[in-house]
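**Student:** Okay, here's the structure, questions in a sec.
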Amino acid sequence: MTSRITLAAGLLLAAVAGTSLAGTALVGNENGASLSLIDTNKNEVIGEIKTGGKPRGTAIDTRRGIAYVSDQASNGLLVIDVAKRAVLKRIDLGESPEGVYISPDGRLVSAAVELSNSVAFVDTETLEVAFRVKIRGENPEHAVFSPDGRFVYVGAEEDDKLEIIDVAGRRLLTQLQVGTRPRGIAFTPDGAKAYVACERADTVYVIDAHEHRILRSIKVGQRSNGLTMRSEEHTS
């Protein structure tokens, strides 16, 4: 198996798979106060979920058919039943929440909260904030779980730092100096490495995700931003 790194635009797009909504994509419309549902087979919009406010980060629990969406206007996390197209609950996160991610075991949702320079962790059973971790850098935008769920990598984009959170310990483990304005973060499927796109440095940093150290930097195109990892299996 080989891994390919793909740089992508910062579009809020989450595919729903493994449920009755398989083949559906969910797109957050920041200025439309809504989420659009797209049939990925027909490439057509098939519905809309009114959220109000300004939906930003989006993550989907595919096992439950629940979407978690950060809303800047209400400073909250919206819990949405995708099939019913209904907002079930709003959870207070703090001012200006951004990226939202689900842990591999589905038990926690991480949400980067910009103005408090922290990451909020929401328990998906109680739908309450279980704990918060303060980072040392400023303006966190993404808070991405490692594939084993042990760590969360956070880009502090105004401080040019990568912050690493120990999830079980509920604490900031370490901080790495990377390029200017770190944005997209992605792990290799085996969790051995993480890649961090630094927008104003036009550079991707390769991180040893076991020892949490920088291995190398890769110069890429201008304003490298979103980043995702795709695995491909090759047979002879």
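**Student:** Collect the residues in segment 165-186 that are open to solvent by 20 Å² or more (accessible area, probe 1.4 Å) and closer than 19 Å to Ile102 by Cβ, keeping them in residue-number order.
**Tutor:** Asp166, Ala168, Arg170
**Student:** Now for a separate question. Can you confirm whether segment 172-185 contains a residue that is outside any strand (DSSP E or B) and at pLDDT 95 or above?
**Tutor:** Scanning segment 172-185 turns up at least one residue that is outside any strand (DSSP E or B) and at pLDDT 95 or above.
**Student:** Does segment 84-94 contain at least one residue that is open to solvent by 30 Å² or more (accessible area, probe 1.4 Å), at pLDDT below 95 and not in a strand (DSSP E or B)?
**Tutor:** yes
**Student:** How many residues does segment 95-133 contain that are outside any strand (DSSP E or B) and under 13 Å from Gly155 (Cα atoms)?
**Tutor:** 2
**Student:** Could you tell me whether Gly47 is under 23 Å from Glu98 (Cβ atoms) and modelled with pLDDT of 90 or more?
**Tutor:** no
**Student:** Just to verify a result, which residue in segment 134-148, among those that are of a type outside the set (Gly, Ala, Ser) and part of a loop (DSSP other than H, G, I, E, B), is surrounded by the fewest Cβ atoms within 10 Å (Cβ to Cβ)?
**Tutor:** Among them, the one singled out is Arg136.
Per-residue answers, yes or no, for (1) touching a residue at least 40 places away in the same chain (Cβ under 8 Å); (2) surrounded by fewer than 17 Cβ atoms within 10 Å (Cβ to Cβ); (3) over 19 Å from Val113 (Cα atoms):
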site	(1), (2), (3)
Asn41	no, yes, yes
Ile46	no, yes, yes
Ile49	no, no, yes
Ala67	yes, no, no
Ser70	yes, no, no
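The values are calculated or read from the model by the stated rules, or taken from the named source; none is laboratory data. This structure is a prediction, so every number in the text was calculated from the model and none was measured. A quick note on method: Cβ atoms are made from the backbone with ideal geometry, for glycine too, and the neighbour counts reach across all protein chains shown. Just so you know, the surface numbers come from the protein's heavy atoms only, side chains and all, with ligands and any DNA or RNA stripped out. Shrake-Rupley method; radii C 1.70, N 1.55, O 1.52, S 1.80 Å.
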